Amino acid sequence: MDTALIYGAYGYTGSLIVDEAVARGGSPVVAGRDREQVRDVATEHDLDHRVFSLERGRAIERALDGIDVVCNCAGPFVNTAVPLVDACLETGTDYLDITGEFQVFNRLADEDERATASGVTVLPGVGFDVVPTDCLAVMLAERVPGATELSLAIASTSSVSRGTAKTMVESLGSGGVVRRRGRLVQVPTAYDVREIDFGERVGVTPAVTIPWGDIVTAAHSTGIETISVYAGVSKRAIRALKAGGSLESIAGTGPVKSTLERLIDATVDGPDGRELTQDRAVVWGEVTDGETRLRGRLETPNPYALTVETATNAIERTLVGEIPAGFQTPATAFGPEFILECSAVERWIDEPMAVPS
Ligand SMILES: NC(=O)c1ccc[n+]([C@@H]2O[C@H](COP(=O)([O-])OP(=O)(O)OC[C@H]3O[C@@H](n4cnc5c(N)ncnc54)[C@H](OP(=O)(O)O)[C@@H]3O)[C@@H](O)[C@H]2O)c1
């Protein structure tokens with residue numbers, strides 16, 4: 001029987017994914033770098049475990065012996081994805097992760113040729129970043145063949161986990177990034193602001209550009225080469241973000257980063273059970289070919305709850321071998337309807353409209 005390994009299994013999100021996999025009758029091998037915490041998760045669920053850090057390539061390869069699929073839940077992924085992917089390519093193991101970091105998608109896309117030649121799937125982003133946005137982008141692009149521009153947006157009120165807060169700190173100081181005619185272009189933080197209609201639950205809200213993974217993944221899955229991703233925020237937050245350019249450059253320096261990380265360790269827990277089961281998030285998208293414009297949106301469970309479901313679904317589908325080799329996005333691997341297999345996801349696609357001249 002094929003075997004999955006969940007790395008980062010004692011983190012907030014990793015442990016929820018282990019719980020879900022076990023609740024569905026699975027027996028993943030649990031792994032991470034801290035012996036005691038890995039053993040605790042293994043004992044709780046009566047699972048096999050492996051303890052290894054990501055510093056030494058050969059040790060990682062040995063730890064993947066007999067493993068068919070790795071799901072990496074250890075972030076910030078700028079520190080963990082490459083050594084695990086290297087070992088996966090050496091050992092013929094499929095690789096999944098729950099990153100949202102555009103730099104990681106960009107780096108792993110470079111492994112496409114090597115992965116295809118080795119028959120290995122490299123599929124980062126099987127969580128809230130980027131499953132719903134990637135699937136919505138493809139649903140819209142399929143309805144406007146020849147679309148040249150894609151905008152995506154998210155609205156969520158969920159609190160964040162420790163790992164997400166640290167991942168955000170990791171990217172402090174790097175400003176914003178959008179995709180323009182095939183190139184990733186550095187822009188100031190929140191450089192573009194637009195009003196977006198997120199539907200009944202959220203309403204019309206200002207949204208600002210954020211450096212989200214879709215600026216890499218949606219280009220791969222739709223072929224569209226001009227992409228911006230927005231997050232719905234309050235007007236007050238926009239003023240603070242725009243005024244904070246200089247603050248961000250200070251916060252992006254080494255000593256300030258490590259102080260912030262210590263503060264996060266002491267204060268951030270992640271969404272509680274109520275938030276996980278009751279929160280909703282909205283993902284919005286728009287494509288245009290210059291003449292026609294098409295919009296749509298998805299309403300999903302809380303981003304962490306959705307991540308647990310999409311990641312577990314992705315592990316199960318990869319284990320049964322339903323997935324092409326090479327660098328993949330969720331929609332290229334499983335099709336755009338993948339998101340609709342999750343519980344409590346609703347979709348609206350508008351009628352196409354003429355772009356006002
Ligand atoms: N795609 C999505 O929508 C989505 C959803 C949820 C989370 N995430 C991302 O997933 C990551 C984890 O989030 P979380 O909430 O689970 O955070 P967490 O509770 O802080 O857990 C992070 C886990 O990663 C491990 N880890 C971190 N750096 C490592 C390294 N260099 N080598 C080995 N292990 C390392 C940690 O082990 P130690 O304790 O030993 O450091 C811990 O097990 C974050 O980057 C977050 O942004 C993405």
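Quick rundown of the values:
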read-out	value
Residue in segment 87-97 that is nearest to the chain's Cα centre (by Cα), counting only those that are within 14 Å of the ligand (Cβ to nearest atom) and free of Cβ contacts under 8 Å to residues at least 40 places away in the same chain	Asp97
Where Pro76 falls short, out of the listed (1) within 30 Å of Gly176 (Cα to Cα); (2) in contact with an Asp or Glu (Cβ under 9 Å, 6 or more places away or on another chain); (3) away from the ligand (no atom under 12 Å from the Cβ)	(3)
The one condition in (1) of a type in the set (Gly, Ala, Ser); (2) modelled with pLDDT under 95; (3) within 14 Å of the ligand (Cβ to nearest atom) that Gly321 fails to fulfil	(3)
Segment 103-136: number of residues that are in contact with a Leu (Cβ under 7 Å, 6 or more places away or on another chain), within 15 Å of the ligand (Cβ to nearest atom) and farther than 12 Å from Pro324 by Cα	6
Meets criteria (surrounded by 24 or more Cβ atoms within 10 Å (Cβ to Cβ), over 15 Å from Leu123 (Cβ atoms) and within 14 Å of the ligand (Cβ to nearest atom)) for Gly100	no
Of residues in segment 21-77 being β-branched (Val, Ile, Thr) and in contact with a Phe, Trp or Tyr (Cβ under 7 Å, 6 or more places away or on another chain), the one nearest to Arg317 (Cα to Cα)	Val70
Matching residues in segment 20-35 - criterion: being surrounded by 14 or more Cβ atoms within 10 Å (Cβ to Cβ) and either basic (Lys, Arg) or in contact (Cβ under 8 Å) with a residue 40 or more places away in the chain (or both)	Glu20, Ala21, Gly26, Pro28, Gly32, Arg33
Cβ pairs under 7 Å, 6+ apart, first in segment 295-321 and over 30 Å from Ala147 (Cβ atoms), second at pLDDT 95 or above and in a strand (DSSP E or B)	Ile315/Ala4; Ile315/Val69; Ile315/Cys71; Ile315/Leu96; Leu319/Ala4; Leu319/Val69
Lone unmet requirement of (1) touching a residue at least 60 places away in the same chain (Cβ under 8 Å); (2) surrounded by fewer than 18 Cβ atoms within 10 Å (Cβ to Cβ) for Arg274	(1)
Tally, over segment 322-339, of residues that are touching a residue at least 24 places away in the same chain (Cβ under 8 Å) and in contact with a Lys or Arg (Cβ under 7 Å, 6 or more places away or on another chain)	1
Residue ID - farthest from the ligand (Cβ to nearest atom), chosen from residues in segment 19-30 that are out of contact with any helix residue (DSSP H, G or I) (no Cβ under 7 Å at 6 or more places or on another chain) and either closer than 14 Å to Ala63 by Cβ or in a loop (DSSP other than H, G, I, E, B) (or both)	Gly25
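The values are calculated or read from the model by the stated rules, or taken from the named source; none is laboratory data. Since we're looking at a predicted model, the values are computed, not measured. With ideal geometry, Cβ positions are generated from the backbone for all residues, glycine too; neighbour counts draw on all protein chains shown.
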